[in-house]
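The values are calculated or read from the model by the stated rules, or taken from the named source; none is laboratory data. On a predicted model such as this, the values are computed, not experimentally measured, just so you know. Here the Cβ is made from the backbone with ideal geometry for all residues, glycine too, and neighbour counts use every protein chain on show. Keep in mind that these areas ignore ligands, DNA and RNA; they rest on the heavy atoms of the full protein, side chains included. Shrake-Rupley method; radii C 1.70, N 1.55, O 1.52, S 1.80 Å.
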Amino acid sequence: INVITGAARSSGGNMGTARYKIASAIRGTQDAALAWGGRDAPSTATDFSEEYNGVSWTEGNNLNNATRGSGGAGTQTAGLRAGGFDGGPSEQNNAEEYDGTSWSNVTAMPLTRRLPGGAGIQTAALIFGSTGSSTDVTVEYDGTSWTAGGSLSTGRGYLAGYGLQTAAVASGGTPGVTN
């Protein structure tokens, strides 16, 4: 992991399990991050979660659903994981909340999606874009249920997101990718 400060960048501790297509709760500080899921082999989705304290990563309780390429929002003590896909081509619409200790299944999204972006807090989140179906669709989560949101100007997946449900940024991404 790289820790970025106002003037410089420095290295932090390595994650306990090397993997890619992970998701994270990015709202908060560099001293309290949460990462989950990912792919640790060519076709294996994981159920791992890890917390970062500014120096090192610590293994947390596992997700209820193994996933890679899910969307995320929230903080280390109130995270939201939504969508993603399993080890094969199946897109997911399931969602889970993290309370700082354990993951709990919550109401599924109305649409499946993989490699979406996410923004907001656990009780006011956005999940947007996808590389599979619904590439320009945004859904909003209020801590209980999902509703339709506005459309992205260009449908795409592999997105980064930041901000709040009422003022979010979707950046990057790749249109038309299906894996």
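In table form, for the structure just shown:
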item: Relative contact order %, the range 83-179, counting alpha carbon pairs below 8 Å whose residues are six or more apart; result: 22 percent
item: Accessible area expressed per residue, the range 7-103, with surrounding protein chains retained (probe 1.4 Å, Å²); result: 43 Å²
item: Protein accessible area in the range 20-179, 1.4 Å probe - carbon and sulfur %; result: 50 percent
item: Volume per residue of the C-alpha convex hull in the range 35-99, rounded to whole Å³; result: 78 Å³
item: Options 109, 153, 66, ranked by Cα towards positive dipole end of the chain, top entry (Cβ charges); result: 153
item: nm² value of the averaged projected area, convex hull over the Cα atoms of the range 134-178; result: 3.5 nm²
item: Once the Cα gyration tensor of the chain is diagonalised, semi-axes √(5λ) in Å; result: 23, 18, 17
